[in-house]
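Contents: one structure, followed by commentary.
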Amino acid sequence: MSETPTGLDFIRQRITRDTEAGTPVITRFPPEPNGCLHIGHAKSICLNFGVAQEFGGDCYLRFDDTNPAKEDVQFVEAIQADVKWLGFDWGDRLTHASDYFEQLYQFAEQLITSGKAFVCSLSADEMRENRGTLTIPGTNSPCRNQSVEQNLELFRAMRAGEFADGTYVLRAKIDMASPNINMRDPVLYRIRHISHQRTGNTWCIYPTYDYTHCVCDALEQISHSLCTLEFEDHRPLYDWVLDNINLNVHPPQIEFSRLGLEYTVMSKRLLNKLVDERLVTGWDDPRMPTIAGLRRRGVRACAIRDFCDRIGVTKQDNTIEMSLFDFCVRKDLEADAHRAMCVLDPLKVILTNWEGEDTDALTAPWHPRQEYGTRVMPFGKELYIERSDFEEVRPPKYKRLSPGEMVRLRMAFIIRCDEVIKDANGEITELHCTYFPESRSGQDKSGLKPKGVVHWVSAGQGIDCEVRLYENLFLERRPDTSDLAAALNPDSFHNKNAIIEPAAVQGQMLHFQFERQGYFVKDSEDFSESRPVFNRTVSLRELRPA
RNA sequence: UGGGGUGUCGCCAAGUGGUAAGGCACCGGGUUUUGAUCUCGGCAUUCGCAGGUUCGAGUCCUGCCACCCCAGCCA
């Protein structure tokens, strides 16, 4: 009767089957607030919140705040902002593992009482020695057979703060000979005399992830506990805990592979290191794969969501090519970014036959297909074009300007280069050109056939601005991160003193396509009308001249 | 070399015993006042390898091989 649906990823297929009886879907996205979210988290967010939406269920945002030594309120706020920005809504389902500390503690006493957990006085080093290796079984702790009474007494003393950090832990009593190392009497609680960002000094013992996560899932009646592959080995422990406490809920843990992306890293440890060692300017450095970094670079949430849809969900290790990400970013922006002209590397052009002052008569649509209205572009005798749009010696199939040739100034007039002016060093300083008044854009009666189209900005009325160009953060597709600094791309950032048409700095629009160059965004921190700063989100796709 | 996973086009990924979807990338044609966009077409006789079962295997069985994860009082 239950036909397995096809075309869906394996998780959605399973959920489809599981919900045929009408059971509600409840998922959760459980970040630890010890760093900012990255594009890999976006995959998980899109999966968990997406599945909840699709199946008419709910998704919790649950902070996994069990280790106060590493966590910080700064991150819990940033994470909420990022999830919201990505377009997801947890409603009133914002929770924290720490909300359940008391229940967790009571279940722990239950485990002790039923002889399933014991307090251990081995040091961390001793415990490591006793754990054995991948091929050698571990040996039992001398504390393993303490009485229930003694364990309970010690555990209560742990909670009461009678012991120093590291002196005791609570351990599950499972099997020191298990081939799965996670089952060799894993630690459930440790002593940490550290103030917790939510519970303050209420606790000096904190539960571990393995013990906490499954219990929280059960308490929130999570129907499908989705996590990444490295937790597959932990599933027996997840199940063991739920099988051994008095809680009649047992969510299934289902694992999928993490996202790998070329030319970047996706581990919070490494991203943290980049920030700490100031190898980037911060979590929101536009080169970072963080949500904050991508946002600042000008990537929009819908592009990230589209990307997450396209990469799929499987158990296969994967490294997605950056070209797919770029494709999603361009596709989104192409559809409605306002067009503007900006010259990054100016070369002066003088229209020798231009009469009179600058004129404001030229107008151009903000977008070729959308009804976004028009803007006024000052035009006049002196202009700038891109240095790379002129070559003295024309390469084959060159579609730009060269001596004696014509080119159209986009949305304006056709010009012909008559003379190349150089300085004493032979550097080209300006071009003397003739413009053709009858070739005005939109009412061209000249009949001329220029070689190509080039963008330009009025020299007199163009506005100076800073344009920040970003490249891949790392040199290699799969960076060797053993030496982080050495793996970085030394050319991942350049800034340019550019000249831009005035209309682009004046309005409220944020995202632009600088024609023939790429997509750019006003920098959220540094942009002002008096000192415009733009970040390049992604360049335009550029096919080789053939 | 213990345990847990994964192997379908350069990168992702459908496929659930009936004769290899799709996307990105790439290559070629068309449109184009952005070498962009758009559009049309091409792109796996083969599914890690070797055997076997079957009328029929990417899908089932056996045996290899490769890669990833695990020995935190991190998550």
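The values are calculated or read from the model by the stated rules, or taken from the named source; none is laboratory data. Model, not experiment: these values are computed from the prediction. Glycine gets a Cβ as well: all are built from the backbone with ideal geometry, and neighbour counts include every protein chain shown.
A few comments on the model shown:
- Qualifying residue in the range A:533-546 (condition: out of contact with any Phe, Trp or Tyr (no Cβ under 6 Å at 6 or more places or on another chain) and away from RNA strand B (no atom under 16 Å from the Cβ)): yes
- Taken together, the criteria place A:F49 among residues that are modelled with pLDDT of 95 or more, under 18 Å from A:F256 (Cα atoms) and either away from RNA strand B (no atom under 12 Å from the Cβ) or buried (at least 23 other Cβ atoms within 10 Å of the Cβ) (or both).
- Restricting the range A:361-385 to residues that are exposed (fewer than 13 other Cβ atoms within 10 Å of the Cβ) and away from RNA strand B (no atom under 12 Å from the Cβ) leaves a set whose member that is farthest from A:K422 (Cα to Cα) is A:E371.
- Conditions (1) of a type in the set (D, E); (2) near RNA strand B (Cβ under 10 Å from one of its atoms); (3) modelled with pLDDT of 95 or more; (4) more than 30 Å from A:D276 (Cβ to Cβ); number of the one not met by A:D58: (2)
- Members of the range A:274-285 that are buried (at least 16 other Cβ atoms within 10 Å of the Cβ), of a type in the set (D, E, K, R) and touching a residue at least 12 places away in the same chain (Cβ under 8 Å): A:D284
- Taken over the range A:445-485, the criterion of being under 17 Å from A:L362 (Cα atoms) and free of Cβ contacts under 8 Å to residues at least 12 places away in the same chain is satisfied by A:K445 alone.
- Residue selected from the range A:289-335 under the condition free of Cβ contacts under 8 Å to residues at least 40 places away in the same chain and acidic (D, E), by the criterion surrounded by the most Cβ atoms within 10 Å (Cβ to Cβ): A:D332
- Of all residues making up the range A:495-532, the number that are in contact with a Phe, Trp or Tyr (Cβ under 7 Å, 6 or more places away or on another chain) and of a type in the set (D, E): 1
- Answer residue from the range A:390-437, given it is among the hydroxyl-bearing types (S, T, Y) and part of a strand (DSSP E or B) and is surrounded by the fewest Cβ atoms within 10 Å (Cβ to Cβ) among those: A:T429
- Taking every residue in the range A:240-268 that is on the phi > 0 side of the Ramachandran plot and pairing it with any residue that is basic (K, R), at least 6 positions away or on another chain, the pairs with Cβ-Cβ distances below 8 Å are A:Y263/A:R477.
- When A:R235, A:R192, A:R269 are checked against the criterion of being surrounded by fewer than 22 Cβ atoms within 10 Å (Cβ to Cβ) and outside the structural domain of A:Y105 (by TED's automatic domain parsing), A:R269 stands alone in meeting it.
- Screening the range A:268-359 for helices (runs of 4 or more DSSP H) wholly inside it with 1 or more residues that are more than 15 Å from the chain's Cα centre (by Cα) returns the ranges A:268-276, A:301-311, A:322-336.
- Within the range A:68-97, the set of residues being within 14 Å of RNA strand B (Cβ to nearest atom), farther than 24 Å from A:H224 by Cα and either touching a residue at least 60 places away in the same chain (Cβ under 8 Å) or assigned by TED's automatic domain parsing to the domain that holds A:R295 (or both) comprises A:P68, A:A69, A:E71, A:D72.
- For the range A:11-50, a tally of residues being under 19 Å from A:Q80 (Cβ atoms), assigned to a helix (DSSP H, G or I) and charged (D, E, K, R) returns 1.
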